[in-house]
Amino acid sequence: MGITADAAGTWRLGDRVVRRMGFGSMRLTADPDRERAIGVVRRAVELGVDHIDTAAFYVSPGGTLGVGTGPVRYAAELVRAALGPYREDVVVATKVGPAIRESGEFYEATTAAELRAQVEENLRLLGRDRLDLVNLRIVRRPGRDSVAERFGALAAMRDEGLIRHLGLSNVRVDHLDEAQAIAPVVCVQNSYAVDLRRDDELLRVCGERGVAFVPFFALAGSAREAGTFDDHTDPVREVAAAHGITPHQARLAWTLHQGPHVLAIPGTGDERHLADNVAAGAVRLSDEELSRLG
Ligand SMILES: NC(=O)c1ccc[n+]([C@@H]2O[C@H](COP(=O)([O-])OP(=O)(O)OC[C@H]3O[C@@H](n4cnc5c(N)ncnc54)[C@H](OP(=O)(O)O)[C@@H]3O)[C@@H](O)[C@H]2O)c1
């Protein structure tokens, strides 16, 4: 089979142990071929991936990626089709906060009732009685972006048994402080990459507190939703050449070297890219290479 996700080692999400090389499902919605998209998720699990990220608002055509053609497809529903009946050892993480109205317009859930409706939508799309992990994904608004009320609402749903574990997304250290005073936080999911370093301190704080740090856009970096690019920096190219790997694999290897608590969730709709991403978990970078990458 070649290199599997075992190569990346493991970390814990609450009471679950997952391999540090996971999979992000947002890109699946760009593929009009439903069976091919489902096949990518199944292949990820065959390769040992047991941490899959999704959201009810990953929808196409349009949606978060603003692309796609053909019938409506939801990443969470594709995950369900690929994995149901679910295996106990695969953790499916989802997120609430952002949502898309039928008109195609984005809005942010702020009340307990709106968040509950989103949790229920995720349960329905994923075909679960309980969600493994729900991240509260916020929009940062300086001065008025306390997470206490929203995280408290999710903590109440966790106590009810609708959610197993809670996390945060797109947050600062003060948000983590607030949330941890309410309920355990198993992960923080923020954008972070070799060229996207806004959250160095948050990554460090998560490590000190035993909280998983789960970067999104590890490959896309500052290109964000636009996806990956070939305009890599010289250090990334040089490190890749020295290891006989692609620059994308070098970016993922760098990501996993940022701490034992860092979990990668590269997104792809391409089985060859998936295999490359999983193989990046076996790459060991030297201290000299890491300092060259910055
Ligand atoms: N919490 C949040 O706010 C948030 C926001 C965005 C995303 N996310 C989550 O994070 C996951 C990762 O983010 P992302 O998918 O936007 O970005 P990403 O993983 O940084 O990059 C994805 C891009 O890289 C390409 N790619 C993947 N593997 C490749 C490889 N080995 N070689 C060359 N190109 C490769 C993909 O295209 P191909 O499909 O052609 O491979 C796609 O264009 C998402 O899937 C989603 O689950 C969370």
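Checked against (1) closer than 22 Å to L13 by Cα; (2) within 11 Å of the ligand (Cβ to nearest atom), V262 meets all criteria but (2). Checked against the criterion of being in a loop (DSSP other than H, G, I, E, B), more than 16 Å from the chain's Cα centre (by Cα) and of a type in the set (G, A, S), segment 85-102 contains not a single residue that satisfies it. Residues that are without any contact (Cβ under 8 Å) to a residue 24 or more places away in the chain number at least 2 in the following helices (runs of 4 or more DSSP H) confined to segment 231-280: 234-243.
Within segment 193-229, the residues that satisfy the criterion of being away from the ligand (no atom under 13 Å from the Cβ), under 22 Å from A8 (Cβ atoms) and part of a loop (DSSP other than H, G, I, E, B) are R197, G210, V211. When only residues in segment 13-41 that are part of a helix (DSSP H, G or I) and away from the ligand (no atom under 14 Å from the Cβ) count, which is nearest to the chain's Cα centre (by Cα)? It comes out as I38.
Answer yes or no: is there a residue in segment 189-209 that is modelled with pLDDT of 95 or more, within 28 Å of V90 (Cα to Cα), of a type in the set (S, T, N, Q) and more than 19 Å from the chain's Cα centre (by Cα). Checked against the condition, which is being modelled with pLDDT of 95 or more, within 28 Å of V90 (Cα to Cα), of a type in the set (S, T, N, Q) and more than 19 Å from the chain's Cα centre (by Cα), segment 189-209 yields no hits at all.
For segment 161-192, the set of residues classified as in contact (Cβ under 8 Å) with a residue 24 or more places away in the chain and assigned to a helix (DSSP H, G or I) consists of V173, H175, L176, E178, A179, Q180, listed by residue number. Looking at segment 42-77, which of the residues that are at pLDDT 95 or above, within 12 Å of the ligand (Cβ to nearest atom) and not in a loop (DSSP other than H, G, I, E, B) is nearest to L126 (Cα to Cα)? Selected residue: A76.
Checked against (1) more than 13 Å from the ligand (Cβ to nearest atom); (2) of a type in the set (G, A, S); (3) surrounded by 22 or more Cβ atoms within 10 Å (Cβ to Cβ), G244 passes all but condition (3).
The values are calculated or read from the model by the stated rules, or taken from the named source; none is laboratory data. Nothing here was measured: the structure is a model prediction, and the numbers come from that model. Every residue, glycine as well, gets a Cβ built from its backbone with ideal geometry; the counts of neighbours run over all protein chains shown.
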